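Everything on this sheet refers to the single structure shown next.
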Amino acid sequence: MAEVEYNFAKIEEKWQKRWERDGLFRNRREDRPPFYVLNMYPYPSGVLHMGHFLNYTLGDVMVRYKLLRGYNVLSPIGWDSFGLPAENAAIRTGTPPHEFTEGNIARMRGQMRRAGWGFDWGRELATSHPDYYRWTQWFFLKFHERGLVVKKNAPVNWCSSCQTVLANEQVKNGECERCGSQVGQKDMNQWFFRLSAYAERLLAGHDELRGKWPDAVLAMQEEWIGKSEGAEVEFRIKETGEPIPVFTTRPDTLWGVTFLSVAPEHPLLEKLLPGSPRETEIREAIRGMRAGGTSAREQAEREKEGIFTGFHVINPVDGGVAPLWIANFALMSYGTGAVMGVPAHDQRDWEFAEKYGLAVRQVIRAPNASGPEAWPEAFTGAGEIVNSGPFSGEPDNFEAIPRIIEWLEAEGRGRRKTNYRLRDWLLSRQRYWGAPIPIIYCDRCGLVPVPEKDLPVLLPADIDFARGSGNPLARAKSFVDAACPACGGPGRRETDTMDTFVDSSWYHIRFADPRNDRACWDAAKAAKWLPVDQYIGGIEHATMHLMYARFFAMALRDLGLVDFSEPFTRLFCQGMVCKLAYRCDDCKWLPAEEVGIVGPGGDPVPEEEARTLFKRMENQGLDEAGLAAEGFRAVCARCGRPVRFEMTKISKSKLNIVDPDAIMDRFGADTVRLYMLSDAPPDRMQIWTEDGINGAWRTLTRLWRLVMEGLERISPPGTPIPATLDGVNRSLRRKTHQCVRKVTESIEGGYQFNTAIARTNELLNLLRGVRDQAHPAVMRETLEVVILALSPIIPHFADECWSRLGHSGSIFEESWPECDEAAAREEETEIPVQVNGRLRARLTVPPDLPPGELERRALSDSRIRDWLAGKTVAKVVTVSGRLVNILAK
RNA sequence: GGGGGCGUGGCGGAAUGGCAGACGCAGGGGAUUUAAAAUCCCCUGGCCGCGAGGCCGUGCGGGUUCGAAUCCCGCCGCCCCCACCA
């Protein structure tokens, strides 16, 4: 007697052990082509969240699918284990960061195994282990040798809460990406990777990635690189003769310059201001401009502000004199820090000129337009060039730009220039829990790299985190004191550590050879597996990790360490996992249990009615307005204020978390996996509902019963399918093989598991209807196809069914089913017949019926003749195998 | 302001030039049950009609086409990213 209950706990544990025992994911199939699937590795926070669950399930489904497609699959996992949370925990609790981190890793490892993800645990790595960060340090030295690392003074983003500098990419809306506090500006001497030197190559690489990476990611990177072409023109200070280069994308408006503005931190000011008559007043204004809030929100709305310096500039194109201003909108970080002001043809300059009463000089004439006096704003379109020396009269100013640049170069007044918004990557952090930068400062020799043989520079263990402030490394005398490698004299170690994005810029390559202690990796092993064939992760890394890792690959290629420049051939970005969250009007998030529903009189509705309303909120999008329309209100159980609903990413702070462990306890991993993939395409937002997970459970148990009942009537494995079958069985086989084709297309066409699951559901619905008439061999075939097709998604379930169907060995050692075209061919098709574009009848015909015959049958159909009565047929459109459209008047 | 994405039932979504709403959730009805849960069967875009059936319908307005959710033009709305970038 077959076991009727679907005992997921037993089944899942059994197969996880067996896969582990048999080394299913240890890429041992050397006879097969290699395929490298990688999920972005996690930070070991200590607990898996639903976002991880979707991410790693997707990766695992791809891994298992590729196994079935006959590849030798590499599917490694590791830990992005350096970073602030561990250090903050150490300050709070006194637990050393490595202990905290190892504990978290152990816990998450357990959760991961339980979810059934097939990782090659033999390759596990953690970036905070010395045998890993030793190589992070080694790369730093190699990059340093090549001039790709520089130490320079620069205004940097400073997070006072994290007590560290941040990369531009880590500042979101002027706030620290990690802790959310306001980021300020500070001048500091810091370490940088020369990311900007790779701007053009990073951009050029997009040609290779287009179509294989999401458009949105490429667009974001393009924007971040921010290439713009124009000219650099040399203005001069009239009073001192000092040169002042200016970048412009509009050299066609050079004759319209009526002022020039520089950034408040422009170095030229230090030469001009001392002793100048308005020095104190101007310095005061500069302080005001620099002190203003740095958040982007504030900046966007910030009023344009400036002050006249008392100095003037000479325009190189015509010798004209214009006042030199300091303006808060001029940024030292872009171009040359100096902007020419052309109010007539630039909206920002227009506003500035209007505010300070500066001159407006028209140099482009709009087609049939009046002069600038009558304009409500700057004219930025194309027109005829006027008042511009040799170029006056040119009909299209944009087309004249290249000729103007040539003229500037010929005359020695400027030159062609391409500018990028991309900044160098600030890699140093004033924190303990990161890879120490391997540099020693010596009073005699200066800045000395740590010799390779002395790597790794280990993090000291004897740190008292609970006491003191700032970087704990700077307080560790045993660490700081070090002999100069060059002269042997006393030296001081660099106490900054590296941004954790340095660690994650090369981990994907280390996975090819993770235990190598003589080199970062063996070249042959790296060449075998890399680049990563399929990378999977969140889109939030578009301009950070994904840009840095590309830069690293290019730099490593230049060092001769790898043979590719693009590390990730294909990229897939999964959507967010969202769930309804509740917010009380005083801006506090509430757990669902603390939301009450009251009726028109203000008294609570009965519990059962409330439950129904909550269900409708979850499942039918019932919102505050809908609730109000029915006379109800949602209120905070604590303070009685109104509660608003918001569909938002599952997170601790929004109090809408779903604990993966608790869900796996109730339903098992396979149910969660099925649910996560069955509703929406995986790159879209996924909405978590209680009913949704129940539905997936129902689907699985129904399938389980169907298979268990089927076991009693199907033929043994390997029984051939009879050559002649009745209509029901021919039809079942046809749908079975069509299902194979459609599922394969759904997966290959962009991992659309939702439609793949829909296709197997259709087949199962059909099988349930005809199972009493199904031939034992045909029924086996159908069940096996469904189990195989779903196996990447519900692996434990599938392997258990597979073995109960009488197979030995794991289903993942089988091959993906193939569509038998002969069996899948339709015997007859239904052809819609339209009259004047409206569906009026359906004909059942053989699929290969010639168009002429199809047309004849359509016209002679009785229903169609009724519709055509009293009309004349003007034209008949016949698409063979698809439809007939009759045009009649 | 710029860039990317999206707009289809009560909800998630399917259909990428040819039968709109696959598959699922929620809802309704029935069977089973002492009852409930679970399970099984049927119905479920709107309007009209006893019914056969008809009409309307993919954000709005126009266009191309025998035929448009799908392609083109113009609007409206939502989400995400960047944003005083010279």
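The values are calculated or read from the model by the stated rules, or taken from the named source; none is laboratory data. All values derive from a computational prediction rather than experimental measurement. Backbone-built Cβ (ideal geometry, glycine too); neighbour counts: all protein chains shown. Remember, those area values only see protein heavy atoms, side chains included, never the ligands or the DNA or RNA. Shrake-Rupley method; radii C 1.70, N 1.55, O 1.52, S 1.80 Å.
Things to note:
- Pairs, first under 22 Å from A:Pro850 (Cβ atoms) and open to solvent by less than 40 Å² (accessible area, probe 1.4 Å) in segment A:862-889, second among the charged types (D, E, K, R) and within 9 Å of RNA strand B (Cβ to nearest atom), C-beta under 7 Å, six or more apart: A:Ile864/A:Arg840
- Test: residue in segment A:423-443 that is more than 30 Å from A:Asn157 (Cα to Cα) and away from RNA strand B (no atom under 16 Å from the Cβ): no
Conditions tested, residue by residue: (1) open to solvent by less than 20 Å² (accessible area, probe 1.4 Å); (2) under 30 Å from A:Arg146 (Cβ atoms); (3) in a loop (DSSP other than H, G, I, E, B); (4) touching a Lys or Arg at 6+ places or on another chain (Cβ under 9 Å).
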| site | (1), (2), (3), (4) |
| --- | --- |
| A:Cys520 | yes, yes, yes, yes |
| A:Lys525 | no, yes, no, no |
| A:Tyr535 | yes, yes, no, yes |
| A:Glu540 | no, no, no, no |
| A:Thr543 | yes, yes, yes, no |
| A:Phe551 | yes, yes, no, yes |
| A:Leu561 | no, yes, yes, yes |
| A:Phe564 | yes, yes, yes, yes |
| A:Cys587 | no, no, yes, no |
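- Residue list for segment A:672-685, restricted to those being under 19 Å from A:Met647 (Cβ atoms), more than 7 Å from RNA strand B (Cβ to nearest atom) and either open to solvent by 10 Å² or more (accessible area, probe 1.4 Å) or part of a helix (DSSP H, G or I) (or both): A:Tyr675, A:Met676, A:Asp683
- Each residue in segment A:542-578 was checked for being within 13 Å of the chain's Cα centre (by Cα), within 16 Å of RNA strand B (Cβ to nearest atom) and farther than 30 Å from A:Gly621 by Cβ, and 6 of them qualify.
- No other residue among A:Glu781, A:Glu800, A:Glu828 is in contact (Cβ under 8 Å) with a residue 60 or more places away in the chain and open to solvent by 20 Å² or more (accessible area, probe 1.4 Å) apart from A:Glu781.
- Residue in segment A:217-248 that is nearest to the chain's Cα centre (by Cα), counting only those that are open to solvent by 50 Å² or more (accessible area, probe 1.4 Å) and near RNA strand B (Cβ under 10 Å from one of its atoms): A:Met220
- Take the conditions (1) in contact with a Phe, Trp or Tyr (Cβ under 8 Å, 6 or more places away or on another chain); (2) assigned to a helix (DSSP H, G or I); A:Arg698 misses just one of them, which is (1).
- Taking segment A:258-313 as the region of interest, the helices (runs of 4 or more DSSP H) fully inside it that hold 1 or more residues being modelled with pLDDT of 80 or more, in contact with a strand residue (DSSP E or B) (Cβ under 7 Å, 6 or more places away or on another chain) and closer than 20 Å to A:Phe247 by Cβ are A:268-272.
- Set A:Ile693, A:Ile714, A:Ile757: member being outside any helix (DSSP H, G or I), open to solvent by less than 50 Å² (accessible area, probe 1.4 Å), aliphatic (A, V, I, L, M) and closer than 22 Å to A:Glu800 by Cβ: A:Ile714
Conditions tested, residue by residue: (1) open to solvent by less than 50 Å² (accessible area, probe 1.4 Å); (2) closer than 22 Å to A:Gly256 by Cβ; (3) outside any helix (DSSP H, G or I).
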| site | (1), (2), (3) |
| --- | --- |
| A:Glu399 | no, yes, no |
| A:Glu409 | no, yes, no |
| A:Pro456 | yes, no, yes |
| A:Ala461 | no, no, yes |
| A:Arg467 | no, no, yes |
| A:Gly470 | yes, no, yes |
| A:Leu473 | yes, no, no |
| A:Ala482 | yes, no, yes |
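- Residue within segment A:488-502 that is under 28 Å from A:Arg26 (Cβ atoms) and part of a loop (DSSP other than H, G, I, E, B) present: no
- Residues of segment A:444-457 satisfying the condition of being touching a Lys or Arg at 6+ places or on another chain (Cβ under 9 Å) and over 24 Å from A:Lys152 (Cα atoms): A:Leu455, A:Pro456
- Annotation: of all residues in segment A:497-518 being of a type outside the set (Ser, Thr, Tyr) and touching a Lys or Arg at 6+ places or on another chain (Cβ under 6 Å), the one that is nearest to A:Val448 (Cα to Cα) is A:Asp499.
- Exactly one residue out of A:Gly718, A:Gly695 is of a type in the set (Gly, Ala, Ser), within 15 Å of RNA strand B (Cβ to nearest atom), more than 18 Å from A:Ala9 (Cβ to Cβ) and without any contact (Cβ under 8 Å) to a residue 60 or more places away in the chain, and it is A:Gly695.
- Within segment A:42-54, the set of residues being open to solvent by 10 Å² or more (accessible area, probe 1.4 Å) and either over 23 Å from A:Ile663 (Cβ atoms) or not in a loop (DSSP other than H, G, I, E, B) (or both) comprises A:Gly51, A:His52.
- In segment A:830-872, the residues that are within 11 Å of RNA strand B (Cβ to nearest atom), β-branched (Val, Ile, Thr) and either more than 12 Å from A:Val884 (Cβ to Cβ) or touching an Asp or Glu at 6+ places or on another chain (Cβ under 6 Å) (or both): A:Thr844
- Looking only at residues of segment A:813-825 that are closer than 25 Å to A:Thr724 by Cβ and among the acidic types (Asp, Glu), we find that the one that is least open to solvent (accessible area, probe 1.4 Å) is A:Asp820.
- Lone unmet requirement of (1) over 38 Å from the mean Cα position of the chain (by Cα); (2) more than 8 Å from RNA strand B (Cβ to nearest atom) for A:Val342: (2)
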